[in-house]
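Take a look at the structure below.
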Ligand code: PEP
Ligand code: MG
């Protein structure tokens, strides 16, 4: 048996075979030992297979998500037949005696750069597609079948790193747990794991010999056992069953109020990343959705999602929540959440860069498409809109004016719209300091403590080396929360927390005493938090 340690993302046990996933780019040789004819034949065979895969994906998408969404796979098929593309690949193979992998990758990058530089928005969006088709061919050439990282089998996924977009595309029914070499516990990939209630470890040093071996992730002790001894395996299985029993016991708390022993009530909402998470929200009896990270819709897409596509997704969530509040956060893309088709530049300091509301206020076409979709969905239940990464009153006013333009456009079209509450995320120190002024503009604040901690402590939340310095209980952060609650209440705003800190039970009493009105946490954290709230008595001296 081998034991490796890492940083745990979720207290839980996962048992199953390990599957090592390697990204194709890591193994592209430049020059070939074969003749150019042989290399081109390899490319051609892979291209034919890629066309078959795309045909299959088109049919599947047609069935599942309709013609409009399936069209992207037809476009990919056409691109893979494009003469200029094929000539470029052949030219690189012939003149540089290159491998098919190198020629396809380079052609993809060259064409992508050329498309991205064009004025036409349609062509710009094709920049990501041409890279995608090249990646598909390279994956086939190197024996990596498409994006099914789990190879169709339930497994614990092991990878150097997982981006948020890769994580959202995983087949969750087969994902038992995951282990990565890189990544920090505050990254969005980690947050997704928590939302999915999947045991995961980051910062684990693994090697290729692990592939296929039976393993246990012990999230409580931040370690993974590879080929565990029978006795240990039995203990872990028992622990896992105990966890399941505990979860079942928590079900007794369903439909019970989130109220302390002395009668103080607080709302407990859920954070979700996509429409599919809403089942978890209901199962865990959240009173509403406090943070719908809408950018995951964009990350899960090959191109900008249309108004209609977004409307249908939001409507599904809003209808399913049947009148309970659904707070949709507008697009918070950028930094670690990247979608190629946005064509965003590489930045020196992405967390401080062109992201979230900054993109929305300068790309009003993208922003308005989303706002119209949300407004349309608002007719089907109770919807709030929340703007992220706010640093000034001017931004809030600009966002609200844009929202009003969208409302007017829809009214002109005769479309029904519900009452929409407007709020902002407080996740920058600037927003905390301006909380009094900002509260005059909106109806609620939601504290994004993940970013607020990052920006207050000047600590990159993505950098695993800094995890030990990322002190979410830092007095500066706690004082900022208190200041925000007081300022919000002075001006009639309700105030909640939707960052990961909201689920930290060592702070629940502190938050209640500060007067927070709501905590929004991952679905699996709802009932444990309810249990904690119901055990507290604020009339007694603080234990915190
Ligand atoms: C936050 O910053 O706390 C937050 C909730 O938003 P995200 O984690 O998506 O940046
Ligand atoms: Mg944030």
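Just so it is clear, none of the values below were taken in a lab; they were calculated from the coordinates. Please read these numbers as outputs of a predicted model, since none were measured by experiment. Using ideal geometry, Cβ is built from the backbone for each residue, glycine included, and neighbour counts are taken over all protein chains shown.
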Report summary line: Mean separation of Cα contacts under 8 Å (at least 6 apart) over the residue count of the range 209-253, i.e. the relative contact order in percent, is 26
Query raised in the report: Normalised by the number of residues in the range 241-300, what is the relative contact order in percent for Cα pairs under 8 Å and 6+ residues apart?
Result: 30
Report summary line: When all Cα-Cα pair distances of the range 470-537 are considered, the percent exceeding 21 Å is 23
Requested in this report: Using every pair of alpha-carbon atoms in the range 261-416, split the distances into 5 Å bins beginning at 0 and state the percent of pairs per bin, rounded to integers.
Outcome: 2, 9, 18, 21, 19, 16, 9, 4, 2, 1, 0
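Assuming R0 = 41 Å, can you tell me the calculated FRET efficiency for the pair residue 209 and residue 110, based on Cβ-Cβ distance, to the nearest 0.05?
Values: r = 38 Å, r/R0 = 0.92.
Using R0 = 41 Å, I get an efficiency of 0.65.
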**Report entry** Cα-based equivalent ellipsoid, the range 101-255: semi-axes from gyration tensor eigenvalues, Å
**Finding:** 38, 20, 13
Report summary line: On the formula 1/(1 + (r/R0)^6), with r taken between the Cβ atoms of residue 78 and residue 415 and R0 of 25 Å, the FRET efficiency rounded to 0.05 is 0.15
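Kindly identify the range 152-215 as rounded, prolate or oblate by the Cα gyration tensor criterion: order the square roots of the eigenvalues as a ≥ b ≥ c, call it rounded if a/c is under 1.5, otherwise compare a/b with b/c, prolate if a/b is larger, else oblate.
Note, shape of the range 152-215 comes out oblate.
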Query - Estimated FRET transfer efficiency (residue 379, residue 226; beta-carbon r; R0 41 Å; 0.05) - result: 0.15
Query raised in the report: Once fully extended, how much extra length lies between residue 538 and residue 41, figured as 0.36 nm per residue of separation less the alpha-carbon to alpha-carbon distance?
Result: 171.5 nm
Query - Distance-filtered residues of the range 481-517 - backbone nitrogen under 15 Å, label point 7 angstrom along residue 443 Cα→Cβ - result: 492-496
Requested in this report: Return an integer: the convex hull volume of the alpha-carbon atoms of the range 217-289, in Å³ per residue.
Outcome: 150
Report task. In nm, give the distance between the simple-model label positions of residue 430 and residue 252, each being 7 Å from the Cα along the Cα-to-Cβ direction. Result -> 5.1
Query raised in the report: Based solely on its DSSP helices, what 222 nm [θ] is calculated for the chain when runs of n ≥ 4 H residues each add -39,500 (n - 2.57) and the sum is averaged over all residues, nearest 500 deg cm²/dmol?
Result: -14500 deg cm²/dmol
Query raised in the report: Where the Cα atoms of the chain are projected onto their three principal axes, how long is each span, largest first, in whole Å?
Result: 82, 69, 43
**Report entry** Global form of the range 376-421, assessed from the alpha-carbon gyration tensor, a/c cut-off 1.5
**Finding:** oblate
Report summary line: Simple spin-label estimate for residue 349/residue 123, 7 Å along Cα→Cβ, in nm, reads 3.5
Query - Spin-label pair residue 358/residue 505, simplified geometry with 7 Å Cα→Cβ offset, distance in nm - result: 3.9
Report task. Report, largest value first, the span of the C-alpha coordinates of the range 213-349 along each principal axis, in whole Å. Result -> 54, 47, 29
Report summary line: Checked the range 182-233 against the a/c 1.5 cut and the a/b vs b/c comparison, axes a ≥ b ≥ c from its Cα gyration tensor; verdict prolate
Requested in this report: Express the C-alpha Rg of the range 397-498 as a ratio against the empirical globular expectation 2.2 N^0.38 Å, rounded to two decimals.
Outcome: 1.32
Query - the range 305-359 - Rg over Rh from alpha carbon coordinates, Kirkwood radius - result: 1.10
**Report entry** Cβ-based exposure ranking for 451, 517, 262, in which fewest neighbours within 10 Å come first
**Finding:** 262, 517, 451
Requested in this report: Report the extension gain between residue 49 and residue 264 in nm, rounded to one decimal, defined as 0.36 nm multiplied by the number of residues separating them, less their alpha carbon distance.
Outcome: 71.2 nm
Query raised in the report: Counting pairs of alpha carbon atoms under 8 Å apart in space and at least six apart in sequence, what relative contact order in percent does the chain give?
Result: 15
